[in-house]
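All remarks here apply to the structure that follows.
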Amino acid sequence: TRVRIIGAPTDYGANRRGVDMGPSAIRYGGLADELASAGVDVVDAGDLTVPRAEERDPDTDAPAEGDAKFLHEVADVCRRLADETEETLAEGAVPLALGGDHSIAIGSLVGAARDADVGAVWFDAHADLNTPSTTPSGNVHGMPLAAALGIGEFADTEWANARGLDPENVALVGLRSVDDAEVELLREHGFTAYTMSDIDERGITDVTEDALAAASAGVDGVHVSLDLDWLDPKEAPGVGTPVRGGVTYREAHSAMEIVDDADCLRSMELVEVNPTLDQHNETAELATELAASAFGKRVI
Ligand code: ARG
Ligand code: MN
Ligand code: MN
Ligand code: MN
C-alpha cells in the first residue's frame, strides 16, 4: 500500500482556534514512522496553503442561506483538497488527509467520489449533518456530511456535493451528541447509525463490522473519517468539542483493525486534533497509532 499524506491546516470550521496546528502535531507525533511500521510506503505531499482566519470576515460572503461561518474559505480549501485527493487516487495511492477541523471532509469526499461510487464510515461523537439553517453554532465542522450529500441548503452547492456518495452507504459509529434536526435526517435518509449504546450492547467488533458492510455494499471503496472526539476525552483531550462517554483506547484500535480486515479502505482523514488543548501531544500520537492500525499494523 502507498499512502499520500495531505495536510489541511484549517480552523475555519471550528470555533476553537488551534485545530489548524493539527497537521504539524500529527506529523510530530510520528505519523510517517507509524505508517512505515504498518508496512506502508509513505509520501508526504505537505500542507495546502490556508490563509489565516484572522484576515478573513467570517460571515459576509457565505454562499448559502443562513449561518455558516467562513463557508467561502472552507469551499476554497475543499476544492483544492478534492483535486489532491482525486490525483492521489489516480496515482494508485491512498489519500490520508490531516485536519484541521472536520469541514475538510467535504474535500476528501468530493475528491474520492468523483470517478467512483464510495461509502463512508464516520467515527465521531457527532453526526455532522447540520445545514446553515439548522446549525446551533454556525460552525461548518458540524455540517460536512450534509454538505457532501447535498442535504438542505447544500442541494445546489456544486463544490460540496460528493457525486458517488449516497446515504445508504454512510455509516456513523459512536454517536452521543446529535442535534434534533440531525436526528430527523438520520431517520429519513437511510443512514446506518450506531450510538454509544449500540457499542455498549453489541460490542465494538460487531458494530464496526456491520458499519463497514453497509458502507462498502455495492461501491468501489470506503472513505474512513476519524474525528478524534470519537474517543473518550480521557483518551483524547486535545479536541475542541469533547463529549464524555466515548470509545476507549482499545475499542478504537479494535475498530481500526477491523477497517484493515475489511479490505475496502480507499481514503482516510484524521481531524479535530487541537494541540492547544492537548496534553503532551497525546491526542496527535493517538491519531498516528490509530491510522497505523487501519493500514494494517499488528503486534506480530
Ligand atoms: N453539532 C454541533 C454543531 O453543529 C457540534 C459539531 C461538532 N463537530 C465536529 N466535527 N467536532 O455545532
Ligand atoms: Mn469570507
Ligand atoms: Mn465530533
Ligand atoms: Mn466531526
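Coordinate-derived values only; no laboratory data. Worth saying up front: this structure is predicted, and the values here are computed from it rather than measured. Virtual Cβ from ideal backbone geometry, glycine too; neighbours counted across all protein chains shown.
Rounded to the nearest 20 debye, the dipole size of the range 138-262 about its Cα centre is 280 debye, using +1 on the Cβ of Lys and Arg and -1 on the Cβ of Asp and Glu. Binning all Cα-Cα separations of the chain at 10 Å, short to long from zero, yields these whole-percent fractions: 7, 32, 41, 18, 2, 0. The three principal axes of the Cα atoms in the range 1-126 give end-to-end lengths of 46, 33, 29 Å, sorted in falling order.
Working note: Karplus 6.51/-1.76/1.60 with θ = phi - 60° gives the range 164-179 the couplings x, 10, 10, x, 4, 9, 10, 10, 10, 10, x, 4, 8, 9, 10, 7 Hz, where Gly and Pro are set to x.
For ALA120, the amide hydrogen comes within under 5 Å of the amide hydrogens of VAL170, ALA171, HIS223, counting only partners 5 or more places away or on other chains and with H modelled in the peptide plane.
Note on the chain: dipole from Cβ charges, positive end direction compared against VAL173, PHE295, ALA217; the farthest Cα belongs to PHE295. Using just its DSSP H runs of length 4 or more, each adding -39500 (n - 2.57), the chain gives a mean residue ellipticity at 222 nm of -10500 deg cm²/dmol after division by all residues. Charged side chains reduced to their Cβ positions (Lys and Arg at +1, Asp and Glu at -1) give the range 215-300 a dipole of some 100 debye around its Cα centre. Taking every alpha-carbon pair under 8 Å whose residues sit at least 6 apart, the range 69-184 reaches a relative contact order of 30 percent. Free of any trypsin sites (Lys or Arg not before Pro) that DSSP assigns to a loop and that have at most 12 other C-beta atoms within 10 Å, the longest stretch within the chain is 53-233.
Taking GluC sites (Glu not before Pro) across the range 28-130, the ones in a DSSP loop with at most 15 further Cβ atoms lying within 10 angstrom of their Cβ are GLU65, GLU91. Considering only alpha-carbon pairs that sit under 8 angstrom and 6 or more positions apart, the relative contact order computed for the chain is 23 percent. 3J(HN,Hα) along the range 280-292: 6, 6, 5, 5, 5, 5, 4, 4, 5, 5, 5, 4, 4 Hz, from the Karplus curve 6.51 cos²θ - 1.76 cosθ + 1.60 with θ = phi - 60°, whole Hz, x for Gly and Pro.
Under 5 Å between amide hydrogens, built in the peptide plane, is the criterion, and for ALA97 it picks out ILE6, MET268, GLU269, LEU270 among residues at least 5 positions away or on other chains.
Couplings 3J(HN,Hα) for the range 243-259, derived from phi with the Karplus relation 6.51 cos²θ - 1.76 cosθ + 1.60 (θ = phi - 60°), are 9, 4, x, x, 6, 7, 4, 5, 4, 5, 5, 4, 4, 5, 5, 5, 4 Hz, where x marks Gly and Pro.
The charge dipole of the chain, taken about its Cα centre with unit charges on the Cβ atoms of Lys, Arg (+1), Asp and Glu (-1) only, comes to about 500 debye. Only Cα pairs under 8 Å and 6+ residues apart enter the sum, and on that basis the relative contact order of the range 245-300 stands at 50 percent. Here the translational diffusion coefficient of the range 151-300 follows from Stokes-Einstein with Rh set to the Kirkwood radius across Cα pairs; for 25 °C and 0.890 mPa s it amounts to 151 µm²/s.
In loop segments of the range 156-195 as defined by DSSP, there are no chymotrypsin sites (Phe, Trp or Tyr not before Pro) with at most 10 further C-beta atoms inside 10 Å of their C-beta.
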